[in-house]
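Sharing a structure with you now.
Since every read-out is calculated from the coordinates, none of them should be taken as a lab result. Keep in mind it's a predicted model, so treat the numbers as computed, not measured. Note: ideal-geometry Cβ built from the backbone for every residue, glycine included; neighbour counts use all protein chains shown.
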């Protein structure tokens, strides 16, 4: 089953590369992109391809509903799904948002045009996120769906090659 294993490794590499490219190019998020990886392992039934990423990647991929607005995402089959994640009572921690604000160089102002502290701005952004949620990027779902469709089409060819190789090695 050498061809199947090679094909699954190619499938995993393509999904990871496309997800990383989307995050890096579109959103400038290399931190999350660098955590995405895959692994092909032999099982008693054949092979398993597993994907891994930082825990918060699922929230970015599928979005998070707010307590006033529901967020949805497009799954790997191309079907609109409601996010399983939701802000209920808590909002994102100001410490994380403060770091993001500083990294982006954002300066908040009050109604009179005076600058406000990063901590105050982080609180306001957090409150907005709690209400509206986080929009889905589907950065993993989309490339997985594209390559999974290709996998369903091509995998039988690889199995056929492996069987032919196995049978010809016996003659």
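Listed residues 17, 86, 68, 77; which is surrounded by fewer than 17 Cβ atoms within 10 Å (Cβ to Cβ) and in contact with a strand residue (DSSP E or B) (Cβ under 7 Å, 6 or more places away or on another chain)? Can you show your working first?
On the way: 17 fails: in contact with a strand residue (DSSP E or B) (Cβ under 7 Å, 6 or more places away or on another chain); 68 fails: in contact with a strand residue (DSSP E or B) (Cβ under 7 Å, 6 or more places away or on another chain); 77 fails: in contact with a strand residue (DSSP E or B) (Cβ under 7 Å, 6 or more places away or on another chain).
So the residue among 17, 86, 68, 77 that is surrounded by fewer than 17 Cβ atoms within 10 Å (Cβ to Cβ) and in contact with a strand residue (DSSP E or B) (Cβ under 7 Å, 6 or more places away or on another chain) is 86.
Right, here's the next one. I'm checking my understanding of the structure. Among residues of the stretch 130-144 that are assigned to a helix (DSSP H, G or I) and out of contact with any strand residue (DSSP E or B) (no Cβ under 8 Å at 6 or more places or on another chain), which one is surrounded by the fewest Cβ atoms within 10 Å (Cβ to Cβ)?
131
For residue 62, all conditions in the list (1) touching a strand residue (DSSP E or B) at 6+ places or on another chain (Cβ under 9 Å); (2) surrounded by 15 or more Cβ atoms within 10 Å (Cβ to Cβ); (3) within 30 Å of residue 157 (Cβ to Cβ) hold save one; what is the number of the exception?
(3)
Moving on to the next point. Within the stretch 104-125, is even one residue out of contact with any strand residue (DSSP E or B) (no Cβ under 6 Å at 6 or more places or on another chain), under 28 Å from residue 15 (Cα atoms), surrounded by 11 or more Cβ atoms within 10 Å (Cβ to Cβ) and in contact (Cβ under 8 Å) with a residue 24 or more places away in the chain?
The answer is no; no qualifying residue exists.
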